[in-house]
Amino acid sequence: MTRVAVDLLRHGRQVRLREVGVAGQERLAATHAPLGGDGEARLVERAYLLAAGAQVRDGADADAPPLPAAWASLGLRHAGPLEVGEGAMRALVAFRGAVLSATPGEG
């Protein structure tokens, strides 16, 4: 496994989380997460993933992981909050997949 440099100053809080640690942050940094959604949702997803230390790639929506079923039950009806919420949820799904993956780049 190739080790990826982790910016401890920038991502120190994530690294201190037991669920993430240095290994999880390394996997996240090695991830090339496909973006799903469109419009504002895509921009929010990109911003969150970049801030977390992941690399993003514009890909077909089919490459992006699906949103959890509970997403539909949140009751967001207006376009603005719905797009921000969708982008944030997509970023969290990608983040979780990257941190929990067994090898870098899967996620």
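The values are calculated or read from the model by the stated rules, or taken from the named source; none is laboratory data. As the structure is a computational prediction, the values presented were derived from the model and not from experiment. As a convention, Cβ positions derive from the backbone with ideal geometry for all residues, glycine included, and neighbour counts pool all protein chains shown.
Data table
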| quantity | calculated |
| --- | --- |
| Residues located in region 22-44, provided they are touching a helix residue (DSSP H, G or I) at 6+ places or on another chain (Cβ under 6 Å) and closer than 12 Å to residue 99 by Cβ | 22, 24, 25, 27, 28, 31, 33 |
| Residue count, region 36-71 (criterion: at pLDDT 85 or above and either aromatic (Phe, Trp, Tyr) or assigned to a loop (DSSP other than H, G, I, E, B) (or both)) | 3 |
| Subset tally (residues that are in contact with a strand residue (DSSP E or B) (Cβ under 9 Å, 6 or more places away or on another chain) and either surrounded by fewer than 19 Cβ atoms within 10 Å (Cβ to Cβ) or in a loop (DSSP other than H, G, I, E, B) (or both)) for region 5-33 | 2 |
| Any hit, region 10-24, residues being modelled with pLDDT of 85 or more and under 12 Å from the mean Cα position of the chain (by Cα) | no |
